[in-house]
1. In region 251-269, how many residues are more than 17 Å from residue 232 (Cβ to Cβ) and either more than 13 Å from the ligand (Cβ to nearest atom) or not in a loop (DSSP other than H, G, I, E, B) (or both)?
2. With the requirement that a residue be part of a helix (DSSP H, G or I), within 15 Å of the ligand (Cβ to nearest atom) and not small (Gly, Ala, Ser), what does region 284-298 give you?
3. Could you please find all residues in region 266-305 being in contact (Cβ under 8 Å) with a residue 40 or more places away in the chain, over 20 Å from residue 75 (Cα atoms) and in contact with a Cys (Cβ under 8 Å, 6 or more places away or on another chain)?
4. What are the pairs, 6+ residues apart or on separate chains, where a residue within region 374-396 that is free of Cβ contacts under 8 Å to residues at least 40 places away in the same chain has its Cβ under 7 Å from a residue that is surrounded by fewer than 20 Cβ atoms within 10 Å (Cβ to Cβ) and among the polar types (S, T, N, Q)?
5. Tell me yes or no: at least one residue of region 254-267 is of a type in the set (Lys, Arg), surrounded by fewer than 20 Cβ atoms within 10 Å (Cβ to Cβ) and over 22 Å from residue 165 (Cβ atoms).
6. Counting only residues that are within 23 Å of the chain's Cα centre (by Cα) and surrounded by 17 or more Cβ atoms within 10 Å (Cβ to Cβ), give me the helices (runs of 4 or more DSSP H) lying completely in region 133-229 with at least 2 of them.
7. Across region 231-250, which residue is farthest from residue 189 (Cα to Cα) among those that are of a type outside the set (Asp, Glu) and within 15 Å of the ligand (Cβ to nearest atom)?
Amino acid sequence: MNEGESQDTIATVEVYLVDLSQDKPYLGSLREGETVNESGYFVRLGNRTVYPRKNRSLVVKLTTDDGVIGWGETYGLVAPQATAAIISDLLTGFVIGRDPFEVEAVHDELYDLMRVRGYTGGFYLDALAAIDIALWDIAGKMAGVPVAELLGGFQRQQIPAYVSGLPEDTLSRRCELAKSWQDRGFHSLKFALPVADDGAVAEIKALRETLGDDARIAIDLHWSLTAPECLTLTEELAPFRPWFLEAPVATEEIESLQEVAQKSGERIAVGEEWRTAYDARLRIDRGACHIVQPEMGHTGITQFKRIAEYAHQHELEIIPHATIGSGIFLAASLQASAALKGVTSHEFQHSIFDPFRHFTSDVLKCELGKFDLPQSPGIGVEPSETMLESMTLIPS
Ligand code: MG
């Protein structure tokens, strides 16, 4: 630091739970046999995954000595108090006093803290992702530039968006919903196998007939198949030309993923559950995928960048995942997606985005098949008054 230059460092860390509850559950109505338990959770039988009946996320607010505020966000869907405790009990003490411009060094230091104990994923790295996004936000604000500029500059000013999920109860209504998005300029979409009640083949056949030859139709298989099952299914799907197949087999089964990627003839997309570039390397080095889908709420900006760079070096496409959040980590994902090579599209979770876009000052826009990018310093969004009213401070 030059003499006379002020060094502004992190002074406080606060963690908030954000209420994102909606009338209709994520992925649509509960199916037969799916019931909410006393803790407020239910399991989707199609993917054996737990969801909260009331959506929520965790938001982190970092403030510097000079009063610069940075926002970060991570998953709060399941046991949010666990992630909040990791931030307040453990990470805060190592973040206070740090220079936001050293964000990658801080990230690596915090990652290293828990390696020997085996915490190289899960809740620990979700907590780290929220801190990481907030540090990048502050660094951008202090430099007076969008985070995309800190990541090397804008490769693109708009990002193609694909419509994700058709949360209606019947196939004919899902086709109507898909058509309504096509009429609004969205020509790429994805449906989810666990709520495709008549099966993947019937679903894509009906959607193809509704949307025509030029539409891109992807299928999220939600980790539900074995490799042989997937190879049989892909033969049946082939006449309807899927855009890509997502998460075909259990994430632990890397050899099965490799088999599907190399034998199916279809483009295989994975990565929404990854936390780090180490997760990416395990699959990419084996040729086990064609498209990677980093999720900012799990990776933070630092690992998102490293995953995308590794994928691009191996000539893979990057189509980031988007999930249930207030807009903070989506904004961070768009900043990174604007700057990194190889990003060809971005997931658009309209059933979350549309009801909650006013949570971040109305600056996030997704129209005519494209996201517009916020241009203000940092990640480009701030919580609106409405969002602040939906946030509850978690005592540390
Ligand atoms: Mg998915």
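The values are calculated or read from the model by the stated rules, or taken from the named source; none is laboratory data. On a predicted model such as this, the values are computed, not experimentally measured, just so you know. Here the Cβ is made from the backbone with ideal geometry for all residues, glycine too, and neighbour counts use every protein chain on show.
1. Our first condition is that a residue be more than 17 Å from residue 232 (Cβ to Cβ); within region 251-269, this holds for 251-252, 254-255, 258, 267, 269.
Narrowing the set further to residues that are either more than 13 Å from the ligand (Cβ to nearest atom) or not in a loop (DSSP other than H, G, I, E, B) (or both) leaves 252, 254-255, 258, 267, 269.
Looking only at that region, the number is 6.
2. Within region 284-298, the first condition is being part of a helix (DSSP H, G or I), and the residues that meet it are 284, 296-298.
Cutting the leftovers down to within 15 Å of the ligand (Cβ to nearest atom) gives us 296-298.
Of everything in region 284-298, those that are part of a helix (DSSP H, G or I), within 15 Å of the ligand (Cβ to nearest atom) and not small (Gly, Ala, Ser) turn out to be 296, 298.
3. Matches in region 266-305: 269 only.
4. Sorted first by the residue in region 374-396, then by its partner, the pairs are 384/361.
5. Within region 254-267, the first condition is being of a type in the set (Lys, Arg), and the residues that meet it are 263, 267.
From the residues that got through so far, the ones that are surrounded by fewer than 20 Cβ atoms within 10 Å (Cβ to Cβ) too are 263, 267.
Now restrict to residues that are over 22 Å from residue 165 (Cβ atoms): 263.
Yes, that holds for at least one residue.
6. Values: elements: 147-150, 171-183, 200-211.
In region 133-229, the matching helices (runs of 4 or more DSSP H) lie at 147-150, 171-183.
7. Step one: list which residues in region 231-250 are of a type outside the set (Asp, Glu), which gives 231-234, 237-245, 247-250.
Still in the list and also within 15 Å of the ligand (Cβ to nearest atom): 242-245, 247-250.
Working: 242: 10, 243: 9, 244: 10, 245: 12, 247: 16, 248: 17, 249: 21, 250: 23 Å.
The residue in question is 250.
Quick grid of which residues meet (1) of a type in the set (S, T, N, Q); (2) over 19 Å from the mean Cα position of the chain (by Cα); (3) under 21 Å from residue 124 (Cβ atoms):
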position	(1), (2), (3)
21	yes, no, no
31	no, yes, no
34	no, yes, no
37	yes, yes, no
43	no, yes, no
56	no, no, yes
65	no, yes, no
